[in-house]
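Participant: Before we start, here is the structure in question, set down as structure tokens.
Read-outs: derived from the displayed coordinates by stated rules, not from any lab. A quick note: this is a predicted structure, and the numbers were derived from the prediction, not measured. Positions of Cβ are generated from backbone atoms using ideal geometry, with glycine treated the same way; all protein chains shown enter the neighbour counts.
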Protein chains: 2
Amino acid sequence: MKKQAVKLEDVAAVAGVSKTTVSRVLNHRGYLSQATIDKVHQAMQELHYRPNVIARQLFQQKTNLIGLVFPTVDNPFFAQLEAQLDQELYRRGYRVLMGNSQNNPEREEAYLRQLLNGQVDGLIVGAHNEGIKQYRDTQLPVVSIERWVSKDIPVVAADNYAGGKMATQRLLDDGCQHIIHTNYPHGLPSPNLERRRAYEEMMQARHRPAITYEVNFDSTDEEKRAIFNRLFTEHPEVDGIFADNDTNASLIIQVARKRGRHIPHDLKVVGFDGANMTRTLLPELTTVQQPIDEMAKRAVDLLQQRIAGGQTTGSVQLPVQLIDGGTA
Amino acid sequence: MKKQAVKLEDVAAVAGVSKTTVSRVLNHRGYLSQATIDKVHQAMQELHYRPNVIARQLFQQKTNLIGLVFPTVDNPFFAQLEAQLDQELYRRGYRVLMGNSQNNPEREEAYLRQLLNGQVDGLIVGAHNEGIKQYRDTQLPVVSIERWVSKDIPVVAADNYAGGKMATQRLLDDGCQHIIHTNYPHGLPSPNLERRRAYEEMMQARHRPAITYEVNFDSTDEEKRAIFNRLFTEHPEVDGIFADNDTNASLIIQVARKRGRHIPHDLKVVGFDGANMTRTLLPELTTVQQPIDEMAKRAVDLLQQRIAGGQTTGSVQLPVQLIDGGTA
């Protein structure tokens with residue numbers, strides 16, 4: 001329970017302004033000189049005044065909170081994305097409520113029940129769960145990143161199809177004869193599948209088999225290593241791998257080396273994402289880089305338009321680029 | 001502006017229960033059978049009922065929100081820590097308000113002004129800024145991770161001193177004659193300095209010079225690479241480096257390789273942290289691993305005790321372990 005001993009009147013008296021002025025400072029309303037704002041803040045600090053934020057929110061009917069619903073922040077792509085979303089939202093006066101779903105549909109639904117109950121002004125979502133019904137029903141402004149949620153919700157994505165073509169083309173240019181791809185299990189509603197489609201189309205156009213190993217995003221590293229070991233056992237001829245993300249690319253390289261393969265001499269690997277942390281920890285990886293910071297900015301732009309009640313311009317697709325490491 | 005057309009009465013009528021029962025379900029008060037809870041939830045869903053969460057919070061005088069104030073989530077250590085804190089808090093009915101300070105004291109103060117204004121029930125902090133005054137003045141429950149904030153705020157930390165000894169001992173055991181350390185600039189109030197103290201004491205005991213290169217956490221990779229290049233230029237004799245975190249260790253290895261050094265043949269490197277992402281992307285790094293998940297759990301335990309008004313057991317120090325990669 002909070003003590004609320006100090007009152008608005010006390011702050012007004014110490015600052016030497018009217019109660020109305022203190023209230024306007026608190027609610028960011030009307031024109032106020034910087035000197036007045038400073039005086040009121042100083043008085044609040046001297047008195048340890050804590051305005052009742054909750055009561056103020058009730059009055060304003062907005063929370064200035066935005067919920068982020070993503071699988072986890074413990075991943076190079078999502079860490080950079082959430083850090084950048086937090087920055088962009090902060091600059092515009094919003095704060096971030098985290099909602100990591102851990103790829104658990106029940107947890108995502110539980111978050112949504114809470115968030116849609118008026119706890120946030122809007123949502124930016126990119127969790128991997130299928131068909132969560134609440135998104136279709138809500139009146140709340142929602143923008144998605146790299147996930148197809150419902151036809152009414154705009155998606156900010158990288159040009160995954162072009163990225164898939166770039167990665168496959170690089171392996172073909174390197175002379176690879178037996179190229180294998182990894183991706184999420186088919187059926188997950190993610191623009192990620194465009195990477196797979198690009199790979200498959202290019203293989204088919206060259207009358208080569210298109211082979212995709214399916215890897216769950218939230219499997220443990222051990223489970224993923226087991227899949228990649230199986231890949232090398234079932235396809236010893238493989239000489240090029242297009243991994244759908246850099247974490248998988250890193251694990252593939254580790255497994256291949258343990259099996260005596262030399263990269264890039266007898267196996268070439270291209271990843272996808274090119275996030276900050278991967279560039280720092282694994283700069284030798286050749287990868288298709290997504291414009292993660294720009295994706296964050298565009299998602300916040302779209303959300304802000306939706307919150308303001310304006311028409312949004314629809315989904316956004318941003319260009320990717322191939323980063324030369326040394327693995328392909 | 002939100003529509004609030006559907007009322008508590010409507011939910012009660014559809015669920016076939018009293019208004020009081022609906023209110024008890026919403027506020028998690030009193031004994032309720034699962035069947036009753038389910039009926040009420042179903043009715044709420046059918047009617048698209050959005051209880052006024054803000055008004056409810058006003059009544060309860062608590063927000064069930066915990067603020068996390070850390071430098072950034074775009075870093076292997078903080079990504080794992082924040083993901084784990086989010087999990088632990090979620091399990092106990094709390095939600096997380098992100099407050100990444102980007103190592104900017106003004107931003108940290110701005111967050112605190114908001115958070116302390118009744119927006120959260122408690123704070124877990126580990127930002128790197130010095131002496132933020134608000135922490136000393138607040139009545140709000142606060143727990144810190146790996147940061148000395150004020151004498152009243154308990155700290156959860158790894159045993160940094162033991163970790164510093166382990167890392168230095170490993171390099172000495174490897175036969176290194178010229179060991180250099182990297183750490184934050186001296187003066188930052190962080191238990192990180194215990195790593196430096198352990199290194200310096202061990203060097204002095206062996207009558208060897210203790211040389212520490214200071215690296216700001218929030219410098220760019222390019223700035224850090226420049227410092228490490230200077231290190232190798234100024235100390236070509238160096239044959240062992242104890243880096244205060246794995247990101248720096250990775251950059252040191254990259255710079256050393258570019259300069260023709262072979263690791264571990266003529267340069268040995270030990271890092272610090274051993275976070276999930278580093279283990280996935282750079283498993284070959286020998287490092288001192290902090291028990292990050294356990295640190296998150298203990299911090300949440302302490303915070304919960306503080307929120308409940310109980311006496312806390314004071315600061316907590318958890319053991320570390322050396323992980324054998326191949327770089328030392």
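Participant: Over chain A, what portion of Cα pair distances is larger than 24 Å, expressed as a whole percent?
Facilitator: 61 percent
Participant: Take the protein assembly as shown, drop everything but the C-alpha atoms, weight them equally and run the Debye formula without solvent; then report log10 I(q)/I(0) at 0.06, 0.07, 0.12 Å⁻¹ to two decimals.
Facilitator: Normalising to I(0) and taking log10 leaves -0.38, -0.51, -1.34.
Participant: If you take the charge dipole of the protein assembly as shown about its Cα centre, with +1 on Lys and Arg Cβ and -1 on Asp and Glu Cβ, which of A:GLN254, A:VAL316, B:LEU112 is farthest toward its positive end?
Facilitator: Value computed over the given set: B:LEU112.
Participant: Given 10 Å bins starting at zero, what is the percent of C-alpha pairs of the stretch B:144-227 in each, up to the one with the largest pair distance?
Facilitator: Going out from 0 Å in 10 Å bins, the stretch B:144-227 shows 17, 41, 33, 9, 0 percent.
Participant: Follow-up. Run lengths n ≥ 4 of DSSP H only: what is the helix-derived mean residue ellipticity at 222 nm for chain A, with -39500 (n - 2.57) per run over all residues, to the nearest 500?
Facilitator: So the calculated ellipticity at 222 nm is -13500 deg cm²/dmol.
Participant: Rounded to the nearest angstrom and ordered from largest down, what semi-axes does the equivalent ellipsoid of the stretch B:232-275 get from its C-alpha gyration tensor (root of 5λ)?
Facilitator: Sorted largest first and rounded, they come to 18, 10, 10 Å.
Participant: Ignoring solvent entirely, what values of log10 I(q)/I(0) come out of the Debye formula for the stretch B:160-291 at 0.18 Å⁻¹ when each Cα is a single scatterer?
Facilitator: Once normalised to I(0) and log-transformed, intensities are -0.96.
Participant: Then there is this: Given the pairs A:LYS7/A:LYS39; A:LYS133/A:LYS297; A:LYS62/A:LYS133; B:LYS224/B:LYS268; A:LYS165/A:LYS268; A:LYS258/B:LYS165, which span a C-alpha to C-alpha distance of over 22 angstrom in this model?
Facilitator: Pairs exceeding the cut-off: A:LYS133/A:LYS297; A:LYS62/A:LYS133; A:LYS258/B:LYS165.
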